[in-house]
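Heads up, the thing below is written out as structure tokens.
The values are calculated or read from the model by the stated rules, or taken from the named source; none is laboratory data. Note that the coordinates shown come from a computational prediction; the quantities given were computed from them, not determined experimentally. Every residue, glycine as well, gets a Cβ built from its backbone with ideal geometry; the counts of neighbours run over all protein chains shown. SASA here: full protein model, heavy atoms, side chains in, ligands and nucleic acids out. Shrake-Rupley method; radii C 1.70, N 1.55, O 1.52, S 1.80 Å.
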Amino acid sequence: MRKSNLRNIFSLKNIVGACSLTMFFSCDTPPEKRQASTEKIPNGETYDFQLIYTDSAKVKTILESSLNKDFSNQQFPYTEFPEGLTLRLYDEQGHENIVRGRYAIYYLATQMVELRDSVSLKTYEGKQLKTSQLFWQATSDWVFTERPFEYIDSLQGTITKGIGMDFDKRFTHLKAHKITGIIPIKE
């Protein structure tokens, strides 16, 4: 009896060992799932929101978006607006300037905002900039693009087209890199 019990124990150990080895080697993750595990997962998501920034009881900025994804958990932290945003900027007199883009991303470390896809900037004075990509450096309030643009100044009746432009947020210091169109020159 002892030999048969001993044989049963060895058989049972062999079966358990074989099953364990089979399970161990069969637990390899398929390549599709491995790639999905490297996908960036946001810290949080905000839907249909409006963020109002005030200073000394005056509204300075209103940010509106249907979706915001917070990736501040990444090595290079950022926040993303995959469905676009509308940004309303107010000056000291309460004039409203509007910036829109179908996609935006804000890099927290550099305080750089990138807007893409049908970007438009419209001032209360009737000036308008249209481009496919626009950057805004928040700390220096400097705005620029290296892409083709169209700048409309309805006060002067001009339309300027070109590639590459940079300016301050008030459009007072404007530099177009390569331009075409009608540009009035005051003597």
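Shown are E39, E45, E64, whose ranking by accessible area with a 1.4 Å probe and every protein chain present, most to least, is E39, E45, E64.
Solvent exposure of the range 48-147 amounts to 54 Å² per residue of accessible area, where only protein heavy atoms count and the probe is 1.4 Å. Proximity of backbone amide H atoms, modeled 1.01 Å from N, is registered between W142 and Q137 at under 5 Å, excluding neighbours fewer than 5 places apart on the same chain.
For a 22 Å ceiling on Cα separation, which of these pairs sit above it: K130/K175; K58/K130; K60/K122; K127/K175; K40/K69; K127/K178? Provide the component values of the computation, followed by the final result.
Values: K130/K175 15 Å; K58/K130 29 Å; K60/K122 16 Å; K127/K175 15 Å; K40/K69 11 Å; K127/K178 19 Å.
Going by Cα-Cα distance, K58/K130 fall outside the 22 Å limit.
Rounded to the nearest 20, the size of the Cβ-charge dipole of the range 46-187 about its Cα centre is 340 debye, with Lys and Arg at +1 and Asp and Glu at -1.
Stretch T110-D48 to full length: gain in nm at 0.36 nm per residue minus the Cα-Cα span? Present the calculation step by step, with values, prior to reporting the outcome.
Details: separation 62, 0.36 × 62 = 22.32 nm, distance 2.60 nm.
Stretched out fully, the T110 to D48 stretch lengthens by 19.7 nm.
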